[in-house]
1. Can you name the condition, by its number, that Thr120 falls short on among (1) β-branched (Val, Ile, Thr); (2) under 21 Å from Tyr48 (Cα atoms); (3) away from the ligand (no atom under 14 Å from the Cβ)?
2. Anything in region 126-145 that is within 16 Å of the ligand (Cβ to nearest atom), surrounded by fewer than 21 Cβ atoms within 10 Å (Cβ to Cβ) and without any contact (Cβ under 8 Å) to a residue 60 or more places away in the chain? List them, or say none.
3. Going by the structure shown, is Ile80 of a type in the set (A, V, I, L, M, F, W, C), within 16 Å of the ligand (Cβ to nearest atom) and either within 23 Å of Gly153 (Cβ to Cβ) or touching a residue at least 12 places away in the same chain (Cβ under 8 Å) (or both)?
4. Look at region 34-77 and say how many of its residues are under 21 Å from Ser119 (Cβ atoms), of a type outside the set (D, E, K, R) and buried (at least 17 other Cβ atoms within 10 Å of the Cβ).
5. Out of Arg209, Arg258, report the one residue that is under 21 Å from the mean Cα position of the chain (by Cα) and farther than 30 Å from Leu172 by Cα.
6. List the pairs whose first member sits in region 106-125 and is under 17 Å from Phe147 (Cα atoms) and in contact (Cβ under 8 Å) with a residue 40 or more places away in the chain, whose second member is within 13 Å of the ligand (Cβ to nearest atom) and of a type in the set (Asp, Glu), and whose Cβ atoms are under 7 Å apart, counting only residues at least 6 apart or on separate chains?
7. So which residues in region 220-258 are out of contact with any strand residue (DSSP E or B) (no Cβ under 8 Å at 6 or more places or on another chain), in a loop (DSSP other than H, G, I, E, B) and among the charged types (D, E, K, R), if there are any at all?
8. Just one of (1) under 21 Å from His73 (Cβ atoms); (2) assigned to a helix (DSSP H, G or I); (3) more than 16 Å from the ligand (Cβ to nearest atom) trips up Ala167, so point out which.
Amino acid sequence: MADPAEIRRLDELSAEMRRLLLRLCGHYSGAIHIGGDMSMVELLISLYHHGMNVDPDDFANPERDRFILSKGHGAVGMYIAMALRGYFDMDEIMATYGQLDSAYGMHPCKIQLPGVESSTGSLGHGLPIAVGLAFAARQRRESHRVFCLLGDGETCEGSVWESANTAGSYGLGNLVAVIDRNKQMMSSLEGVAMNLEPYPDKWRAFRWRVVEVDGHDVGAICDVLDALPPVDHDDPNAQPIAIVAHTVKGKGISFMERNVGWHAGSLTDEQMHEALAEVDARLAERLAATGGGIGGGS
Ligand SMILES: Cc1ncc(C[n+]2csc(CCOP(=O)(O)OP(=O)(O)O)c2C)c(N)n1
């Protein structure tokens, strides 16, 4: 079980990430993919701030874990999670995001941003890249893991399943796919455009080990990450792991949650302040439920 102080730290970071996303969404002139950013907050925070072996001061260390954001439209969420870890300057992200010549584009560019492992944005390409990295690491007998975060709508792409089959066939135990299972796609709830169930069984059919988790519970996510089996390239029974994270698109903001209008958008000042107040209220609730309190000890 994750330590209560660690859970509290990650809850506070998650709330801070939500506040920063909302502030950016309030002042940026274009649309931010705010719905899918909000659904993966706890996943990104748990990965970058707890589960992955990464270090912003040594971002090219060959032993680092690799992370690929396959749902590249959520780039700003990754920038903020990484900035909170010390990779990037938050003020620069806030001032330049989405502008011509900014390194912080709507989709991530690895050439512009050291520490970002892959440029993504065209859905369906991140997992194939992650499979290639995991396969190469095995060939070289390296012991790091490769993590890949996908949107569930993204997994309508055939290339996802070609790579899933490859990873299962080769028993890539160093590969972890995290699926943001918010049951919404770009402009519809699941079941309207496409039905993906039985979802975990689809990964199992490709010989993946599946773990399901509440994707907004940092303690539960950390328990899953902490329990990942060690990378053993000689294990004939090794399997890639799919973490199916049950999430809510627009999580934490009542007027956004499960509202198909909030795949992408911008906020008026009034909406931004309303949303920020909800984030503070939910953090206070969460800390009270887990034995902490704002500014107090537990
Ligand atoms: C190949 C490709 N087709 C279409 C798009 C446009 N697009 C961007 S986000 C999105 C919906 C993705 O849904 P999901 O993966 O569930 O993401 P989330 O709901 O978590 O934002 C689409 C179709 C794209 N980026 N790439």
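Each reported figure results from applying straightforward, stated rules to the coordinates on display, with no laboratory input. Note that the structure is predicted; figures quoted are calculated from it, not measured. Using ideal geometry, Cβ is built from the backbone for each residue, glycine included, and neighbour counts are taken over all protein chains shown.
1. Of everything listed in (1) β-branched (Val, Ile, Thr); (2) under 21 Å from Tyr48 (Cα atoms); (3) away from the ligand (no atom under 14 Å from the Cβ), Thr120 misses just condition (3).
2. To start, the set of residues in region 126-145 that are within 16 Å of the ligand (Cβ to nearest atom) comprises 126-130.
With the extra rule that they be surrounded by fewer than 21 Cβ atoms within 10 Å (Cβ to Cβ), the set shrinks to 128-129.
Once the filter is applied, which keeps residues that are within 16 Å of the ligand (Cβ to nearest atom), surrounded by fewer than 21 Cβ atoms within 10 Å (Cβ to Cβ) and without any contact (Cβ under 8 Å) to a residue 60 or more places away in the chain, region 126-145 yields only Pro128.
3. Values: of a type in the set (A, V, I, L, M, F, W, C): yes; within 16 Å of the ligand (Cβ to nearest atom): yes; either within 23 Å of Gly153 (Cβ to Cβ) or touching a residue at least 12 places away in the same chain (Cβ under 8 Å) (or both): yes.
Yes: the conditions hold for Ile80.
4. Filtering region 34-77 for residues under 21 Å from Ser119 (Cβ atoms) gives 36-37, 40, 43-44, 47-48, 52, 54, 56, 59-62, 64-77.
When the remaining residues are screened for being of a type outside the set (D, E, K, R), the result is 36, 40, 43-44, 47-48, 52, 54, 56, 59-62, 67-70, 72-77.
With the extra rule that they be buried (at least 17 other Cβ atoms within 10 Å of the Cβ), the set shrinks to 36, 40, 43-44, 47-48, 52, 54, 67-70, 72-77.
Residues in region 34-77 being under 21 Å from Ser119 (Cβ atoms), of a type outside the set (D, E, K, R) and buried (at least 17 other Cβ atoms within 10 Å of the Cβ): 18 in total.
5. Numbers: Arg209 fails: farther than 30 Å from Leu172 by Cα.
Answer to the check: Arg258.
6. Leu123/Glu154; Leu123/Glu157; Gly124/Glu154; Gly124/Glu157
7. Listed by number, the residues that qualify are Asp232, Asp234, Asp235, Lys251, Glu257.
8. The one condition Ala167 does not meet is (1).
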